[in-house]
Structure formats: structure tokens, C-alpha cells
Amino acid sequence: MADKIYIFDTTLRDGEQSPGATMNQREKIRLARQLERLGVDIIEAGFPAASQGDFEAVQAISTAVDNCQVAGLCRALTKDIDRAWDAIKGAKNPRIHTFLATSPLHMKYKLGKEPDQVLAMTEKAVHHAAQYTPNVEFSAEDASRSDWDFLAKVTEVAITAGATTINIPDTVGYAQPDEYGDLIKYLIDTVPNSDRAVFSVHCHNDLGLAVANTLAALKNGARQAEVTVSGIGERAGNASVEELVMSLRTRANYYELETSIETEQIFPTCRLLSMIIGQPIPPYKAIIGANAFAHESGIHQDGMLKDRRTYEIMTPESIGRTHSELVLGKHSGSHALQKKIEELGYRLDDEHLQLVFAAVKALADKKTQIFDEDIEAVILEEVFRIPDHFKLVNLSVQSGNTGVPPTAAIVMEVDGEEKKHATFGVGPVDAVFNAISDVVGRKPKLKSYLVNAVTHGTDAQGEVTVRMEDGDGCRSAVGRGADPDIIVASAKAYLNAMNRLAKMEEDRKCDTL
Ligand code: KIV
Ligand code: ZN
């Protein structure tokens, strides 16, 4: 029988630490529900001690999912552990995940502690967490650059104190597959009580080896893999769930390991994340990129026509890549829309359903065919948006090659109060952004601006994504907006990012922990 690998998803914690990937609470809950559909075993919902917003989001996620364990991350400090427990205790199966660095570099320069003090802190923290729940995970931060004997000692102490999962992170993406596999084997073989814990791995992708290192560790006895959707995460990201799971599945003969992942939910999950954080999936990305199943060369196309297996090691259907389905037209009713929304995995209350229904109807007046992607764009826009301080009411733009500078006239609501303003720019988008900045009274740096068609066809909705930086680079936010008029979509995206920056400032949260 194949051994089971526990999939621990940290998209909502490590993933959210990725620049520009901040999500609001509703978006986090939506993503958590999708992770549940995907079949992950554990969702790391956040770092409750980081801010009040994080605490509340973890608390809300804990009660929003039924079939996954919910983990809250905390430093090895009593007050952090208490805060984490308060946030997750409403979950059906809560897990406290506490961590402490064990490498010489981290102990000396980051913690300013001697190894003996780190051992004592480990014992105290795990013991404290275990008084709340038997489901305690301990992570030895920067484990891959730690002394192996010391790491073995820390592991033994943590297990004795009550940890049931021991995580060995490659925090800075430094490990090499064989070496990392050997480390896992060494710990399992030498720690006297290793049979009382599940060994877990958490790999960063600084050298592009996160998935390879994770696979090497699983081959050597680790039974939990910490991953994120599309590999988002701190710096170069984490091991990506889709690459890991499809390796295990496609090469089941080699690994003899299985997971509970519903692979057909992989693509919908990655697409949802991409829409929420406003970052498109790169076309060359393994498994989920637009080119992953495209066959360009004549020889390949010929082989594919004869037998798909010549050049295809897995099918697009196996990861849930289906063609955009035409779902609605101008005359479709609310029942058809409601059914489609449920099929897409959203649970909306009546008020939100009415909002989405009205927005889809308005869209159907402009565009003849409505696709799944259009509906998701509308839902993200109408339901999941950060509560608006700044709202777009009306926009009119004049541009062209007439010699008159492009002009934007805008009507906005700022905390419920109507404001009007008009100004110029070098182009229509610049004029709109200048007008919004003048009304809001701040001008964050625009770091990137992307426009994409949500579906095919010249009448497609334009989806604009902006990334902006504020507070001397401390805060960075992504905004997205969709509309058949790309200038309006640009204004929505810009305002969405402004609202996110304002929310971050309110929470007094810098982008990093
Ligand atoms: O990379 C890391 O070491 C972490 C730990 C907190 C698990 O994210
Ligand atoms: Zn990490």
C-alpha cells in the first residue's frame, strides 16, 4: 500500500508574505474553502500575533472549513502561542504551529541566544502549546543550515514536550536534494523518539529546488509536505502544490506515495488565487501555464495526433483544465446564474447574489456572451473587494491625437462623501490615476500595470492589475479591476490598491513579518 503524504498548505500564511499578495478576509475565506475542495489536509491560516487583521482572518477561516485541520503560526513565545490558540480554537481540528530558529547564524544574530537557551525555549513553547491541544507542530527554522546533531537534539526535546509534527524547513532555499534527503533520513534514524512524530518539510525556492528538495525528503521518510498554490511565498516562493502533487501522481511507480488531493481542482484553485492576488499565471509555468499543454512543433503535433501519450505525460483534464464554457446570455435568468455560481464553488448570501446578478445583467447588456471567467471577475469585484473608503461613481475621459492633453473627470465617494475633480495626464490612464490621487491626497508609486482580456473576443472584459508601493516601500498592494472599458477597469484597479494600502495602514501592518 502506498503511504499517505499530508499536504499542509501555507498559501494563506507564507504565500501571503509574497510581495503584493495581500488578501482581505473574504478573499482568504474563499480561498480556504477552495483549498478544502482541493483536498489539502491542513490549512495554515495565518500568523495571529502579527496584527489584529491576521488574528480575525485566522479566526474566521477556522470556522469556515470543516474537513481540514487549521493551523495558526506562532513564535516560540507564550504570548504568541496564546494568541494563536485564541484564533484557532473554534476550528474542528486546530493545530498550533510554533517555530524557533536552530542554525548558528540565526541563533547568534537574530535571536541572540546560546544553543542551550534555544533548547530550553523549544521545550517550554511546545509544552505550553501541548496544554491546549495534542495537535502541535514544531518547526526548526533554518534547519537545513543547522548543525545536524544539535537539530537532532532539538527534535528529540520537541517530541518529548508534545510535538506530533516536526517540520524541517529549508528556510532560505539553500539545500540540495540529496543532502536534504540525507538530513531527513538522519533525523528519523537517530532521534530516539522519532516514531512519535510525523516529519514534515517546508522548502523555499531560492535556487529553484523547492519541489525537488521536497520530493527527496518524501523519498527519505518525510510524510508531510508544506506547499503553496502556484508556489507563491516569501522571496522566490515555496514548493508548489501542483508540481509536487502531479509529480507524485504521474510518477506513482517511482514514489509509491499518495495524497488526498482532487487533482481536477488544481487549475481552478490556481486560477482563483491568480484572480484574487491579481497576478497572472506565467504562460511557461509547469502544470498550470497556458503553454503547459501546447504543442508547437510539427513533429510533436504529429505525434500527438497519433497518440497523445507520445508528448503528454498527464492530461489537461486531470488538473481540471477545461475550455471556457459559455454560460449565460442576455436572457438568462437568476436561477441559471445562481447554479453557475454554486458550480464555481462560491456560497453567496442573498444580498451578494442580488449584487452579482445586477452586475452580470449590466455586463450582458454590453457583451453578448458571458463566460465562467466573466462571472468570477464580477464576483471578485462585487463581493470580495476590500471595504471601500474610496469608491468610483462616474468617470469620463477624453483622449486622442487632437493636441488637447488627455483629460479625466471623476466623481468619487470618499468615506461616503461625494468628491469631483478633473485633471490632465500624458495619456488617459495617467490622467485617471492623477485625478484619483488628487482626490485621495496621496500618490503611491505605481510599480506595475498590466492589462489582460478575461476571455476571448474583442468585447471581452479587460482585467487591469496594478501594483503600488507606499510608506517608503514598506507597504505594497495589488489592485485589480475588470470592466469592458479598460480605462474604467484601470480606475477600479487603482482604487482597489488605494483601498488595500489604506487598510494596511489602518492595521499598521508592514508587508513582512
Ligand atoms: O521558511 C520557514 O522557515 C518558515 C517557518 C516559519 C516554517 O516559514
Ligand atoms: Zn517559509
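The values are calculated or read from the model by the stated rules, or taken from the named source; none is laboratory data. Just so you know, these numbers come straight off a predicted model, no measurement behind them. No Cβ is skipped: glycine too gets one built from the backbone with ideal geometry, and neighbour counts run over all protein chains shown. Areas reflect the complete protein model, heavy atoms only, side chains present, ligands, DNA and RNA absent. Shrake-Rupley method; radii C 1.70, N 1.55, O 1.52, S 1.80 Å.
When 1/r is averaged over all different Cα pairs and the result inverted, which Kirkwood radius in Å belongs to the range 3-277?
Hydrodynamic radius (Kirkwood, Cα pairs) of the range 3-277 is 18.2 Å.
In Å², and per residue, what accessible area does the range 390-512 have when probed at 1.4 Å with the other protein chains present?
Averaged over the residues of the range 390-512, the accessible area is 48 Å².
What's the FRET efficiency of residue 186 with residue 250 using the Cβ-Cβ distance as r and R₀ = 22 Å, to the nearest 0.05?
Efficiency at R0 = 22 Å is approximately 0.15.
How many Å² of accessible area per residue for the range 324-382, probe 1.4 Å?
Using a 1.4 Å probe on heavy atoms only, each residue of the range 324-382 averages 51 Å².
Using only alpha-carbon positions, what ratio does the radius of gyration of the chain give when scaled by 2.2 N^0.38 Å?
The value comes to 1.04.
Which whole-number percent is the relative contact order of the range 390-512 (Cα, under 8 Å, 6+ apart)?
Rounded, it is 17 percent for the range 390-512.
With an 8 Å Cα cut-off and a minimum separation of 6 or more residues, compute the relative contact order for the range 404-460 in percent.
27 percent
Give, to the nearest whole percent, the P(r) tail of the range 390-512 beyond 25 angstrom, counting all Cα pairs.
Roughly 23 percent, once rounded to a whole number.
For the chain, what does the helix formula give at 222 nm: sum of -39500 (n - 2.57) over DSSP H segments with n ≥ 4, over the residue count, nearest 500 deg cm²/dmol?
When only DSSP H runs of four or more count, the value is -12000 deg cm²/dmol.
Taking the full set of protein chains and a 1.4 angstrom probe, give the accessible area of residue 97 in square angstrom, rounded to the nearest 10.
Looks like 0 Å² after rounding.
Quick one: pull the percent of accessible area on the range 262-421 belonging to carbon and sulfur, 1.4 Å probe, ligands and nucleic acids left out.
Roughly 52 percent of what the probe reaches on the range 262-421 is carbon or sulfur.
Placing +1 on the Cβ of each Lys and Arg and -1 on the Cβ of each Asp and Glu in the range 439-478, which of 451, 462, 440 has its Cα farthest towards the positive end of the resulting dipole?
440
Taking 0.36 nm per residue of sequence separation and subtracting the Cα-Cα distance, how much length would be gained by fully extending the chain between residue 299 and residue 195, in nm to one decimal?
32.3 nm
Order 284, 449 by their accessible area, 1.4 angstrom probe, all chains in place, largest first.
Largest accessible area first, the residues go 284, 449.
With every protein chain left in place, what is the accessible area of residue 334 in Å² (1.4 Å probe, nearest 10)?
Using a 1.4 Å probe on the heavy atoms, I get roughly 60 Å².
Pairs to check: 92/185; 447/492; 28/340; 28/420; 361/447; 340/447. Give those whose C-alpha atoms are more than 27 Å from each other in this structure.
92/185; 28/420; 361/447; 340/447
With +1 on the Cβ of every Lys and Arg and -1 on the Cβ of every Asp and Glu, and nothing else charged, how large is the dipole of the range 155-302 about its Cα centre, in debye rounded to the nearest 20?
Roughly 220 debye for the range 155-302.
With +1 on the Cβ of every Lys and Arg and -1 on the Cβ of every Asp and Glu, and nothing else charged, how large is the dipole of the range 3-277 about its Cα centre, in debye rounded to the nearest 20?
580 debye
Between residue 258 and residue 318, how many nm apart are label points set 7 Å from Cα along the C-beta direction?
1.5 nm
Within the range 315-416, report the GluC sites (Glu not before Pro) that DSSP leaves as loop and that have at most 14 other Cβ atoms within 10 Å.
325
Going by accessible area, probe 1.4 Å, with all protein chains left in place, what is the ranking of 458, 465, largest first?
Largest accessible area first, the list is 458, 465.
Compute the relative contact order of the range 324-382 as a whole-number percentage, counting only Cα pairs closer than 8 Å that sit 6 or more residues apart in sequence.
54 percent
Taking all protein chains together and a probe of 1.4 Å, list 478, 426, 198 from the most accessible to the least accessible.
Per-residue accessible area, sorted high to low, gives 426, 198, 478.
In nanometres, what is the gap between the two model label sites at residue 453 and residue 1, each 7 Å from Cα along Cα-to-Cβ?
Taking the simple label geometry, residue 453 and residue 1 are separated by 5.2 nm.
Helix 115-130: angle to the longest alpha-carbon principal axis of the chain, degrees 0 to 90, nearest 10?
Approximately 70 degrees, to the nearest 10.
Based on the Kirkwood radius over alpha-carbon pairs, what value in µm²/s does the Stokes-Einstein equation return for the translational diffusion coefficient of the range 324-382 at 25 °C and 0.890 mPa s?
In µm²/s, the coefficient is 220.
Where in the range 135-159 does the label zone of residue 116 land, with the point 7 angstrom along Cα→C-beta and an amide N cut-off under 18 Å?
Only 150-151, 153-154, 157 pass the distance filter.
Of 150, 183, 165, whose Cα points farthest to the positive end of the dipole of the range 148-210 (charges on the beta-carbon: +1 Lys, Arg; -1 Asp, Glu; origin at the Cα centre)?
Final value for the positive-end residue is 165.
Taking the range 239-296, which trypsin sites (Lys or Arg not before Pro) meet the DSSP loop condition and have no more than 14 other C-beta atoms within 10 Å?
Answer in residue order: 251.
Which lysines does residue 108 reach when only Cα atoms under 19 Å apart count, and residues fewer than 8 places away in its own chain are ignored?
Reachable lysines: 153.
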